[in-house]
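One structure is given here, and the rest of the page talks about it.
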Amino acid sequence: ANASVEILAGKDYVYLFTIRENKACDALHKYLGEFVYTIERAIGLIPRACPIPKILLQNNYHLHNLPIDADKITTAANFPFGNLRITIDVLDSKNRCVSCIEIKVEHNILHK
């Protein structure tokens, strides 16, 4: 899997970095942790189970305005504040894209 992270600068997204891993589900859970488990629960998937086969069968899931604590991202220190777009391309063993997941995140500091 390849996961590209971009940040919104004005009207356009600017590339920040890419994460490349052989096993997409393991990478999602490793780098995003509880953050991705919250998303999985919200769209009706079993947390920590690999959602890719179900995503491929269902075609599309839509999730809007789900408040998630970005501090729950396992690697939160590596994610800058701002409006982020994370695009995950799930690749098969022949390096062909079999699924694409796009997540838009507003990562900011909430004042309590």
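Brief remarks on what is shown
- Residue exposure sequence - PHE81, PHE35 - by fewest surrounding Cβ within 10 Å: PHE81, PHE35
- Footprinting exposure proxy for ASP26, ASP89 (fewest neighbouring C-beta atoms within 10 Å first): ASP26, ASP89
- Sequence of THR38, THR18 once ranked by neighbouring C-beta atoms within 10 Å, starting from the fewest: THR18, THR38
FYI, it's all coordinate maths here, none of it is from the lab. It should be emphasised that the depicted structure is a prediction, and the values quoted were computed from it without experimental measurement. When we count neighbours, we look across all protein chains shown, and the Cβ atoms used for this are built from the backbone with ideal geometry, even at glycine.
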